Each structure stands twice: as C-alpha cells, then as structure tokens.
1. Mind checking which residues of the range 46-97 are of a type outside the set (Lys, Arg), surrounded by fewer than 18 Cβ atoms within 10 Å (Cβ to Cβ) and farther than 25 Å from Ala262 by Cα?
2. Just need a number here: residues in the range 332-362 that are within 17 Å of Tyr270 (Cβ to Cβ) and charged (D, E, K, R).
3. For Glu268, indicate whether it is at pLDDT below 95 and either buried (at least 22 other Cβ atoms within 10 Å of the Cβ) or in contact with a Gly (Cβ under 9 Å, 6 or more places away or on another chain) (or both).
4. Given the residues Leu288, Leu299, which is the only one that is surrounded by fewer than 20 Cβ atoms within 10 Å (Cβ to Cβ) and not assigned by TED's automatic domain parsing to the domain that holds Gly66?
5. Between a first residue in the range 341-357 that is touching a residue at least 60 places away in the same chain (Cβ under 8 Å) and in the same structural domain as Glu369 (by TED's automatic domain parsing) and a second residue that is part of a loop (DSSP other than H, G, I, E, B) and surrounded by fewer than 17 Cβ atoms within 10 Å (Cβ to Cβ), which pairs have beta carbons less than 7 Å apart while being 6 or more apart in sequence or on different chains?
6. Just to check your reading of the model, which residue among Ala531, Ala562, Ala572 is in a helix (DSSP H, G or I), in the same structural domain as Leu494 (by TED's automatic domain parsing), crowded, with 17+ Cβ neighbours inside 10 Å and not acidic (Asp, Glu)?
7. Which pairs turn up if I take residues in the range 378-406 that are free of Cβ contacts under 8 Å to residues at least 12 places away in the same chain and look for partners that are hydroxyl-bearing (Ser, Thr, Tyr) with beta carbon separation below 9 Å, at least 6 apart in sequence or on another chain?
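The values are calculated or read from the model by the stated rules, or taken from the named source; none is laboratory data. Keep in mind that this is a model prediction, so the values were computed, not measured. Here Cβ is always computed from backbone atoms with ideal geometry, including for glycine, and neighbour counts include all displayed protein chains.
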Amino acid sequence: MSLPPGFLEEVRARVPLSRVVGRRVTWDLRRSNQAKGDFWAPCPFHEERTASFHVDDRKGVYYCFGCQAKGDAIGFLRAAEGMEFHEAVAALAAEAGLPLPARDPEAAARAARRTTLAEVMEEAVRFYRLRLATGEGGAARDYLDRRGMAPPLRDRFELGHAPAGGRALVEALAARGIALDLAVEAGLARRPDDGRPPYDQFRGRLMFPIRDGRGRAIGFGARALAPGQEPKYLNSPETPLFEKGRTLYNLGPARAAAAKGAAVILAEGYMDVIALAGAGHEGALAPLGTAVTADQLALLWEVAAEPVVALDGDAAGLRAARRLVDLALPLVAPGQGLRFALLPPGMDPDDLIRSGGPAAFRPLLEAAEPMVALVWQRETEGQVFDSPERRAALVRRLAALVAQVRDPELRRHYEAALRERREALFRPVRPAAPGPRARPPRGGAAAFAGPGQPPPPPAPETLRSSLVAAPEGAGERRREAVILATLALHPALLVRFAEAIEALAPAEPDHRLLHLALLRPEAASSPLPPAAAAALARLRARADLRIAPTVGRPGDAGLAAACLEEEFGKIAADRGQAAEIAHAEEDLRGLADEGTTWRLSEAARARERSRRAPLGPAAGEDADRATLAARLAALSAGPALPED
C-alpha cells in the first residue's frame, strides 16, 4: 500500500491508542492517570495478574515491562488481531473517518505479481517436503537423524529435499500449470545462456523454506549433502520476494514468541535456530548465511529491544560478534541494544543442546554479556599495558569507538562503564607487608604504639573485607546485591518495585543472573531458576551481606520493604550525583584547563572514598577493629589541616 506523507500520522492522531487497546484489556484505574493519557493494565500478550502493560496516549506507544512487547496502534492490531499492515491501516482509517488513498496502479500490479510468486513458492515448499519422504530423500533423512532432529521438528520447519536431477521441480511446476517464467522469477529455476530449457536452481540438497514476517514463503536455504558439493549452503537468488540482507530466518514465529515473553536469540544458522526452538527457545532466528546487515539489525530490534546474540565459540564466531559490534554501535539507543552469549570453543547451539540436553543453553542465555563488555574485550585481550604510551593508545581507541554512539546520555554511560574497567586495569597492585607479624592484641587503641609510631599493618581479615578494600563503585554494587537478595527472599514485593528493578543495570555476573530471574513475568509466583538460586546462595554467603538484616535474617516483609525503599533511594541519589558531575565535566571540557578538570575528577573520587570508609559497623563482623582503631589514633595525632 502506497500512502501519502502524513496519512499515518493523521490516523494515529485521530484514534487514541488507549481506545484501540482498551477493547482488549481492563485498565487498572488505581494506577492509571487518564487525564494525562497514562494507562496501565495486565498485558494482553502474556498471562499475568499485575498491571505491567503501559499505554502512553500522548506518544501513541505501548510497552509491556514483563514481555517487552512494544509498538503503536498499527503494531497492536497486527500483534493482537493478526492483521496485516494494510488491514490495520484500513481499520484505523475507518475508525478515524478518513478514506483510504487511491492505490497506485503500478504499485498494485507489483503487489499482485508478488502474490503470484508467493503462490509458486508454496508449490515448491510442498514439492520438496514430499520428496524428503521418498527413497531419494534418504541422504537428507540420514543427515537429520545424525543431527538428532526428530520428524515432528522437521515437519514444523517444513524441511524438504531437492532431487539431484536437473529438472524435477521445473517439470512438477509445469504439470501444475505454472509458467516457466514464474519459476525463474521466483528463483526456483535458472535459464541457461545457450538457449536450453530452464533447470532447477537447487539439486541434491536439504531444503529450508524461508518465510517473511507475514508467513509467506519467499525463498530457500539449501545445504549440500554430497561430499565435496560446493557451496555448503546456497540461498535463493535476489527476487521481487526475497532480499537476503533484509529478512531473518524464523522471523514470524520468533516475533510471536517474543510477544509472549520469550527471549529473542540471534543464532548463526538454520540448524541452530531449529535446535534452539526444539529445546524451548522459541524466539530464535538467524541471518541468511552472511554477516548481519543494518536492515536485519533494525528488523531484530522490532522484535525485541535487547536480543541476545549467540555465536559459535570459535575464532570465526568471535570475529562475527566483533563485526556486529562495529555495526551496532552507531545504532544503539536508550533501551535498544544487544547482549552476547559466546558459546564454548568449537561448539554451536546445536552441538551444545545435543550434548547437554534442552536445558544446556539456559545458563549461557542468563549470563549474556552487554555489548560494552565485547568492546572492552576486543581492545584489551592479549595485550599488556605497562607503559604510558600503550595506555594512552587504549584510551584513544576506546574514545573513538564510544564517539560513534549517537545518543549523548547513552554515550556518557558507555564512557563511565569503560572508565571503570580502565581504572581497574590500570590501578597499581599494592605489595603486601613484608615478613610475618604477630596478631595485635584486642583491646582498642591503647594496645598499640603511641603517637609518632606507625600503626601495625591490618590483619588479613581486614584486607579481605569488601568494605575496606573495595574498588570505586563497590558501594552501589553492595546496595545492588542487598536489593536483589532481598527481593529474591521477598518475591511479593516485586510488583511494588517493578519500575525500580527494571532500571537496575547490574554488571556483576551473579547480580545479572538474579536480575534476569526477577524480571520474569512469573517471578512473584514461581521458584528461582537453578542458576539464579545458586547466585542467591553465593550472595547470602558473603560476610558483608550476612550483616544486612533482610538478607541474614529474612522474614520481616515490612523491614524488607523499608530497606528496599532506602536502598533504591540511595542508588538513585548516587546516580544523580554522578550524572551531575559527568555533565559538569562535559560542560567544562574545552573551557577549563587540565588542572581544573583533574581537580574535579579528584573531588569526585574523594567523595566516593569517603562514602566507603570503613569507620562503623558496616565494616562487618570480620573486620579487625583494633587495626582500624590504630589508624584512627595515628590520624588524630598527625598534623592539623590548614584552615581555609
């Protein structure tokens, strides 16, 4: 359908999204603010009891915080009613009282031609599927048996077999009254240059039908079966239906699964997608034998805001992941990114599932890394940064990469994440105190040398305390750990703090596992997955978390709610202060000299150090109080600070 500029905007403006959605949901009137166009309801795309589905009438968009479904009025009608695009537009236009524009005759002719070609493709799908069951399809069936693919899964993905003879499909189509020109135009046959009759495009191969998001057969992927047959994988040529760089394998089923809350996984090939889907990962899809394109990436983000890229754990897989990072960096946006699950070396998802069973991929999915981790790994892996020149070169490379991120706020977060990793890498390791020492007696400052004498070095348990020797940012990570552990022990509070939980962006692996588990739609009513339960056990075993009442002595829901309110508030305040400092540094850049910028940075670091100074009970039960007291005594005996 060819529409004039502004027509869709006019339709959306005349029909409030809340009216379209309201026919399928019951609004939560306590949470909604109808006067401001702010509506909440249980999600119509997945089963839930809480109102996590949000409609913003002013922006004309919806978003579910449970299953991540999002879109506008047209997208809602397509997802909820199964309408095609032109059907959804026509329905909204009728409701708005707007006549549909007259169709362009040439566009109508092209659309009719594509419909005819799609019908030819369906004939080919049926032909290849029937041939898989014949004696000639034995090699293809043997291959599928070796790969552990049961017949129901073969039928679900409509796998077939192209006979080795040169004209089997062409003759079958002709017998059905289909002109040879249509077979050639659909990419099913080739016409020789010497004037001979057309012959089959695919011969002696296992066939994978490729369908678009509407479910139409538009092309084929074909795997070689005979030894030495090249290429190993062959795709349909470019046709009016099929553009290899603008579609994804299994797109329609993956989109439907994502609307119900399934994770979206970008795998490398057809067999990986089928293996993942057979193991319960219904949101799997794949590019078509080439590197991911910008069009495919945009299509992927239409399905999910943060899909997981699962690539083979070999050198080629890592290269593909890094190429994808270069493609995605200029295109990421707040709420729109990628995560990466890199498989063990020499294994792809199909290998992993066949060797470890359907649940084998789940831990990798839950521990998927954000894209910034791959940026850092690529720029630092296998290198030594033992000189100012090498460190400066790393800083320059990272700055050039981050400069590609277009959104200013997101760019600042990338800079902060990479700065934290860089400071940890460059931080000098302090040598341990030489020689053995006797443990100082308990009893406070009186048990130590007087003023002028250096205090004894701290006891090993003091140094082991995460609150004494914590790196910068450890305070927020400890709060994050307390929050996640408390929520896991009090799942009834998940609904109350849903938005704050969504805003967390944990970097620690155990924190990420718990965070993902708590974001599940069923988290409030079902046990934690095994990997998340193990992560919770590790957090509860930490000395600095055992002293938190909501973690060490769970059971008081009121205390847990109060603790969560306070900890979320502290994180919000810390992030606000950090953002103010970052903005100030950004504003000063180019205006202030290097000394001013350095003093501002040192002030921020001093603030962080003061926040985590181990001067109270928060230092934990294992801290060496005597050593701390000695440090305080030495400080109090030192020279006074000059007055301003």
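1. Within the range 46-97, Asp57, His86, Glu87, Ala90, Ala94, Glu95, Ala96, Gly97 qualify.
2. 4
3. When the stated conditions are applied, Glu268 passes them.
4. Step by step, each of Leu288, Leu299 is checked, and only Leu299 is surrounded by fewer than 20 Cβ atoms within 10 Å (Cβ to Cβ) and not assigned by TED's automatic domain parsing to the domain that holds Gly66.
5. Final answer for the pair search is Asp350/Arg147; Arg354/Gly148.
6. Ala531
7. Correct list of pairs: empty, since none qualify.
A quick yes/no check of all residues on (1) without any contact (Cβ under 8 Å) to a residue 40 or more places away in the chain; (2) hydrophobic (A, V, I, L, M, F, W, C):
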{"position": "Gly228", "(1), (2)": "yes, no"}
{"position": "Ser236", "(1), (2)": "no, no"}
{"position": "Thr247", "(1), (2)": "no, no"}
{"position": "Ala254", "(1), (2)": "no, yes"}
{"position": "Ala257", "(1), (2)": "yes, yes"}
{"position": "Glu268", "(1), (2)": "no, no"}
